[in-house]
Amino acid sequence: MNRTAQPLDVAALRAALVGPWAQLDVVERTGSTNADLMAAAVAGAPDRTVLVAEHQEAGRGRLARSWVSPPGSGLTVSVLFRPAGVSPSRFSWLPLLAGLAVLETVRSFTSAPAGLKWPNDLLLGAEPRKVAGILAEVADPSRPAVVVGIGLNVDSAPPDQPAACSLADETGQGVDRAAVLVELLTRLAEREAAWREERGDPEVTRLRADYRAACASLGVPVRVELPGGASVSGIAEDVDGDGRLLLLDAGRHRRAVAAGDVVHLRPAE
């Protein structure tokens, strides 16, 4: 734990959050909150279970990248959703929905420019740097279950990520991690409940409209690094009804990209 960070008070967090969330646990150290919660899901953990780690040593990001969370520097949290009544074809909206909740949370603590980089990063600051990442994984194919992991740099950015920043970098002062976590999980619960109530429809819930308005990738020349090592480039035009990025290439051909890592080829306005 760094010198200024206070350990998270699990009793206070449960008092604030259990209700919208079924159960919440905080562990001092783990390899990956996503891996732990996926195993718990297979073992029968209930819908809306939350797992928070003070120190994550082997977290997973997209394209097999790591996400290490030093003690007390930020928030590492995974949540389990069992969205009964929602078609699995709409589960792709869960990481985008979570991104909006993270964005709304960050905006409640700083007025610095912030926007989402499709599909799973939050960029912060006048010179945008990564402050948060999101990873969603199907936990139990036999019973609809998705684990969404969120890493948010609060006090400082991990030392192995020179292109990252933290909330404290923008505010110029310490930020209460517990307050950030309560805000984040409250907004995430509200967003997911509204999405689930409408059976995952991104239009009725205005989820697609809200995401498009918040996405810093749209209108920007990008390169998308695809699973398997290939890449495609073009203008990121839109996000479709399935949450896919619509890319217009140099030959004016439009392509829908369902998964990949986006690199902005010029700074997002």
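Just so it is clear, none of the values below were taken in a lab; they were calculated from the coordinates. Please read these numbers as outputs of a predicted model, since none were measured by experiment. Virtual Cβ from ideal backbone geometry, glycine too; neighbours counted across all protein chains shown.
Tabulated values for the structure
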| read-out | value |
| --- | --- |
| Extension reserve of the L246-V27 stretch, reckoned as 0.36 nm per residue once the Cα distance is removed | 74.9 nm |
| Separation of the V263 and D47 label points, Cα + 7 Å toward Cβ, nm | 4.2 |
| Extension gain, E197 back to S87 (0.36 nm per residue minus Cα-Cα distance, nm) | 38.4 nm |
| For G74, distant residues with modelled amide H under 5 Å away | V154, D155 |
| Theoretical ellipticity at 222 nm over the chain - DSSP helices of four or more residues, -39500 (n - 2.57) apiece, nearest 500 | -7500 deg cm²/dmol |
| Gain in span if fully extended, R255 to A178, counting 0.36 nm per residue against the direct Cα distance | 23.6 nm |
| Dipole moment magnitude, nearest 20 debye, the chain about Cα centre, only Lys, Arg, Asp, Glu C-beta charged | 460 |
| Sites A15 and Q161, calculated FRET efficiency, Cβ-Cβ separation with R0 45 Å, nearest 0.05 | 0.85 |
| From phi via Karplus (6.51, -1.76, 1.60), per-residue ³J(HN,Hα) for the range 116-123 in Hz, x at Gly/Pro | 8, 9, 4, x, 9, 10, 10, 9 |
